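The values are calculated or read from the model by the stated rules, or taken from the named source; none is laboratory data. The structure presented is a predicted model; accordingly, all values stated were derived computationally and were not measured. Heads up, the Cβs are rebuilt from the backbone with ideal geometry, glycines too, and the neighbour counts pull from every protein chain shown.
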Amino acid sequence: MTADSGKLAAIVLAAGESRRMRSARAKVLHEVAGVTVIGRVLRAVAALGVEPLVVVVGRQAPRVEAAVRTALAGVCRPVFALQEEARGTGDAARCGLEQLGAGFCGDVLLVYGDMARLSAATLRAFVARHQVAQAGLSFASVVVEAAGAYGRVLRGAEGRVRAIVEARDASAAELAVREVNAGLYLGRVEVLAPALAGLQCHNAQGEYYLTDVVASALAAGFTVEAMRFDDAALFAGVNSREELTEMEAQIRREINRRLMAAGVTLHDPATTYIDETVEIGPDVEIGPNVQLLGRTRIGAETRIEGTAFLRDVEVGPRCHLKFGLRAEQCNVGEGCEIGPFAHLRPGTVLEGRNRVGNFVETKMARLGRNTKASHLSYLGDVVVGPDTNIGCGVITVNFDGFAKHPTRIGARCMVGCDSQLVAPVTVGDDVYVASGTTVLRDVGAGSLVMSEHAQRERPGWTAKWRRRHGAPAPAGSGRADAPQE
């Protein structure tokens, strides 16, 4: 904040059309490591305690506004400004400034909404240097090897800033300049207001450039400072799919480094994709080809073997997640063993010490402590008590073609292989379900339930069947009329 006013406002420019993204979605709505581009920018800006925080929207305004409110929920209430026609960054800033009101007195921070790597620490350093310089207007600059399409910073006598020229409007000599505009501005409102109001669109694009406020402020006699930073990556924007991918790779590498420094083992960081929103405890071991996304939390000393996809999953400590697991929106208690090739669908709750084995699928299923479903089962819309064993091939038949129905299985039950429980149905505690049983009605506690089908046998049937089709009799059939070799 400035010494004279004590106020700091911010305007985030998020109205860009982003033609180079070739997307039906506004570029600020794309995600980088689980967080929207605009969400990352707002998180950094809001950390400064700015008031008000104005977001300029244009393309897909309702969707961008919704993403902004989500990103700032519980932090601050944003103010929105609508740029009805895309007429350049200068016009967008002017729209935002109008939302400050005539009575605002202080500094205004101008930030592009696609600067996904911007941090609160960088912004604080920028504001502090502006205060020390007591400048009317400051902007961030960096020196790069290949300046490309960035605006060049032009300096005059004694190295004083005299203008920023966009690459598309620059001369050959100006294009040779390696100091470029980083796209971050901070100025007193009495400097920015007339500078923005006086912008002209006499350029190759017919747009109002925000960079032109530098020349306007200088012409009005205000001090303009270019605050040079060493790392251009701090201000990197997102203008194409390639840039989005590169930024995501950089951020994911940083996330992985932080996790490893905190005591997490990553066997192959190059194939480990962890969102910034994920929390992982110490002594967790993660194999290759693992994706941990959204609000996932992994408890201490858990081992994830590899090739796993977890989104919005809470995993307790000391679990073993075997190869090929997919899990979403579920809760896994401590000491569970999952997989290989298990599928935990939304609403699954494992209370702890559970075994969910290969080719088991669960959905809206709660399994009590020590309950096991070791292989080849489907458990949907079911509550199972503790210490129950679900045998191979067990199915809760929950869907009648129109609605889902619940199944309840009690504690200490043994559900035999290849059994079906046709919902709605309740099985009491301490029940044994014989193999191959179809449970159609409620079963009382302590019962044995079975589907009794008489076993019938027809001796010699196979040989007759084969003879009918001209095939040799089975070896060892012992029949005199069996074909001889």
What about residue 359, is it of a type in the set (Phe, Trp, Tyr) and closer than 25 Å to residue 305 by Cα? yes
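The rows are residues; the columns are (1) surrounded by 19 or more Cβ atoms within 10 Å (Cβ to Cβ); (2) within 27 Å of residue 87 (Cα to Cα); (3) without any contact (Cβ under 8 Å) to a residue 24 or more places away in the chain; (4) in the same structural domain as residue 35 (by TED's automatic domain parsing).
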residue	(1), (2), (3), (4)
194	no, yes, no, yes
199	yes, yes, no, yes
202	no, yes, yes, yes
249	no, no, yes, no
254	no, no, yes, no
267	no, no, no, no
275	yes, no, no, no
Kindly indicate whether residue 46 is within 20 Å of residue 105 (Cα to Cα), in contact with a helix residue (DSSP H, G or I) (Cβ under 8 Å, 6 or more places away or on another chain) and touching a residue at least 12 places away in the same chain (Cβ under 8 Å). no
For segment 222-236, which residues satisfy the criterion of being outside any strand (DSSP E or B) and acidic (Asp, Glu)? 230, 231
Filtered residues of segment 338-351 (kept if over 19 Å from residue 398 (Cα atoms) and either buried (at least 19 other Cβ atoms within 10 Å of the Cβ) or of a type in the set (S, T, N, Q) (or both)): 338, 339, 342, 350, 351
Residue satisfying all of: in segment 237-262; touching a strand residue (DSSP E or B) at 6+ places or on another chain (Cβ under 8 Å) and outside any helix (DSSP H, G or I); nearest to residue 289 (Cα to Cα) among these: 262
Filter result for residue 317 (at pLDDT 95 or above, of a type outside the set (Gly, Ala, Ser) and touching an Asp or Glu at 6+ places or on another chain (Cβ under 7 Å)): yes
Quick check on segment 322-359: of everything there that is more than 19 Å from residue 281 (Cα to Cα) and of a type in the set (Lys, Arg), which residue is nearest to the chain's Cα centre (by Cα)? 326
Residues that are charged (D, E, K, R) and either modelled with pLDDT under 90 or part of a strand (DSSP E or B) (or both), drawn from segment 26-48: 27, 31
What single numbered condition from (1) in contact with a His (Cβ under 9 Å, 6 or more places away or on another chain); (2) over 20 Å from residue 141 (Cα atoms) fails to hold for residue 277? (1)
Tell me the residue from 81, 86, 116, 92 that is in a strand (DSSP E or B) and small (Gly, Ala, Ser), please. 81
Could you check segment 64-113 and list, in sequence order, the residues that are more than 15 Å from residue 14 (Cα to Cα), among the acidic types (Asp, Glu) and crowded, with 16+ Cβ neighbours inside 10 Å? 107
Would you pick out the residues in segment 362-380 that are surrounded by fewer than 19 Cβ atoms within 10 Å (Cβ to Cβ) and touching a Phe, Trp or Tyr at 6+ places or on another chain (Cβ under 9 Å)? 376
Any residue that is of a type in the set (D, E, K, R) and within 20 Å of residue 106 (Cβ to Cβ) - is there at least one of those in segment 162-176? no
Restricting to segment 298-319, give me the number of residues that are more than 13 Å from the chain's Cα centre (by Cα), surrounded by fewer than 21 Cβ atoms within 10 Å (Cβ to Cβ) and either outside the structural domain of residue 345 (by TED's automatic domain parsing) or not in a loop (DSSP other than H, G, I, E, B) (or both). 2
Within segment 336-369, the count of residues that are part of a strand (DSSP E or B) and on the phi < 0 side of the Ramachandran plot comes to 16
If you go through segment 10-27 one residue at a time, do you hit one that is closer than 25 Å to residue 98 by Cβ, assigned by TED's automatic domain parsing to the domain that holds residue 127 and under 18 Å from the mean Cα position of the chain (by Cα)? yes
